[in-house]
Amino acid sequence: MEKKNTYKIAVLPGDGIGPEIVAEAVKVLGAVAEQTGVTIEFEYGRIGGIAIDTDGTPLPEETLEIAKRADAVLLGAVGGPKWDQNPGHLRPETGLLGIRKALGLFANIRPATMHPSLVDASSLKPEVVSGVDLIVVRELTGGIYFGEKKRYAAADGGEVAEDLLIYHEAEIERILRVAFELARKRSRRLVSVDKANVLESSRLWRKVAERVAADYPDVELSHMLVDSCAMQLVRAPKQFDVIVTENMFGDILSDQAAMLTGSIGMLASASLAEGSFGLYEPVHGSAPDIAGKGIANPLATILSAAMLLRHSLGLDEAAAAVEQAVWAVLEAGHRTGDIAQDKSKALGTVEIGQLVLNELAKRTVKK
Ligand code: IPM
Ligand code: MG
């Protein structure tokens, strides 16, 4: 990757706890910039409910412009009860889907890693989940999410709704390649998830997966039906390393995988375009119930910033240092309320963020 001295990051805090958690991640990126001597310029934009209120649309043109001139995007979360009854084009989620499509962010990478000190946070038995370390690679700009939608009255008077599930071979191939490349860097096992016993799009998916597999003889490809995968994820999650699947199956399975670790507040994600550009956001939502209280867990956003440093800025060492700083804070027993065993000792968003900054300062980070 081309190394630069100045990077631009588009910051889209969004709704609910978004602004609070993003603020901590921005501080961490600022500290990394200082340590490595690179300049990071932050440019802020609106997305989701805040944009609906301010600009009358969940994805203003200006926000897209800010994102397009950046090297990467850091996003908080969108949505809240205030906008839940809005029509489709005025929903916060529409802004998120819109930015994914407009920026070509077709590859969604969602790691679910069980950190040893958080084993007790899972709802599953420790022996089932300890050591879980898997990644869901979700196709993000195709399938039923983006197919044509219709509502109309049937001849007999009842209402009918349609959502078209459509995949082009090329869309399947490019996401499979991302997954194969990732599997190659890990345990060299890839599970492709589909519903090929029922869906034609899944049969095409499987055929393309087999074809692409020929280019990766060192990676062992297997296929699993999505219902079976859902079952295996809670029965024996350690069998998985890299999972690749289409948009909607990936939406569902990535939440399930996230919860194996017991702490959706800890999980980062990357949505990647071709090349090094990407959008980085925590897997969790905007948590409107705790917004503004200063108690949200900023670690998933900080870990998303680490993914940003690695993938979009090529600052691998800094990324690793941020991740180690987060683990060190957890190992020292510090927790926000969502993952604390003893809620009375829970720390706030800014306090946890500061502890990460302290840990980061102890590590020397080179460019
Ligand atoms: C996700 C979310 C989104 C999705 C919603 C908010 C539109 O659930 O990123 O997983 O379904 O993709
Ligand atoms: Mg989801």
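The values are calculated or read from the model by the stated rules, or taken from the named source; none is laboratory data. The structure displayed is predicted, hence computed values, not measured ones. In this analysis, Cβ positions are derived from the backbone assuming ideal geometry, glycine residues included, and neighbour counts consider all displayed protein chains. For accessibility, only protein heavy atoms count, side chains too; no ligands or nucleic acids. Shrake-Rupley method; radii C 1.70, N 1.55, O 1.52, S 1.80 Å.
Results, tabulated for the structure shown:
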read-out: Residue match in segment 263-280 (condition: open to solvent by less than 50 Å² (accessible area, probe 1.4 Å), without any contact (Cβ under 8 Å) to a residue 60 or more places away in the chain and more than 28 Å from A296 (Cα to Cα)); value: no
read-out: In segment 67-91, residue surrounded by the fewest Cβ atoms within 10 Å (Cβ to Cβ) [restricted to those that are aliphatic (A, V, I, L, M) and assigned to a helix (DSSP H, G or I)]; value: L90
read-out: Out of E24, E61, E34, sole residue that is over 24 Å from A321 (Cα atoms) and away from ligand 1 (no atom under 16 Å from the Cβ); value: E61
read-out: Counted residues, segment 23-44 - those being crowded, with 19+ Cβ neighbours inside 10 Å and under 19 Å from the mean Cα position of the chain (by Cα); value: 5
read-out: Residue within segment 289-305 that is within 16 Å of ligand 2 (Cβ to nearest atom) and not in a loop (DSSP other than H, G, I, E, B) present; value: yes
read-out: G16 within 17 Å of the chain's Cα centre (by Cα), within 16 Å of ligand 1 (Cβ to nearest atom) and surrounded by 15 or more Cβ atoms within 10 Å (Cβ to Cβ); value: no
read-out: Residue satisfying condition, being more than 20 Å from the chain's Cα centre (by Cα) and without any contact (Cβ under 8 Å) to a residue 40 or more places away in the chain, within set S117, S123, S130, S187; value: S130
read-out: Residue within segment 46-54 that is buried (at least 21 other Cβ atoms within 10 Å of the Cβ), in the same structural domain as H311 (by TED's automatic domain parsing), away from ligand 1 (no atom under 16 Å from the Cβ) and of a type in the set (K, R) present; value: yes
read-out: So L96, is it assigned by TED's automatic domain parsing to the domain that holds Y167 and touching a residue at least 24 places away in the same chain (Cβ under 8 Å); value: no
read-out: The listed residue being more than 16 Å from ligand 2 (Cβ to nearest atom), under 22 Å from N5 (Cα atoms) and not basic (K, R), out of E61, E41; value: E41
read-out: Qualifying residue in segment 160-167 (condition: within 16 Å of ligand 1 (Cβ to nearest atom) and over 21 Å from the mean Cα position of the chain (by Cα)); value: yes
read-out: Extreme residue, farthest from ligand 1 (Cβ to nearest atom), among residues of segment 244-284 that are closer than 19 Å to S122 by Cβ and assigned to a loop (DSSP other than H, G, I, E, B); value: G262
read-out: Pairs where the first residue, in segment 42-61, is free of Cβ contacts under 8 Å to residues at least 40 places away in the same chain and the second is part of a loop (DSSP other than H, G, I, E, B) and buried (at least 16 other Cβ atoms within 10 Å of the Cβ), C-beta under 6 Å, 6+ apart; value: I50/D15; T54/R46
read-out: Test: residue in segment 226-246 that is away from ligand 2 (no atom under 16 Å from the Cβ), touching a residue at least 12 places away in the same chain (Cβ under 8 Å), within 29 Å of A319 (Cα to Cα) and loosely packed, with under 15 Cβ neighbours inside 10 Å; value: no
read-out: Selection status of A102, within 29 Å of T6 (Cβ to Cβ) and open to solvent by 10 Å² or more (accessible area, probe 1.4 Å); value: yes
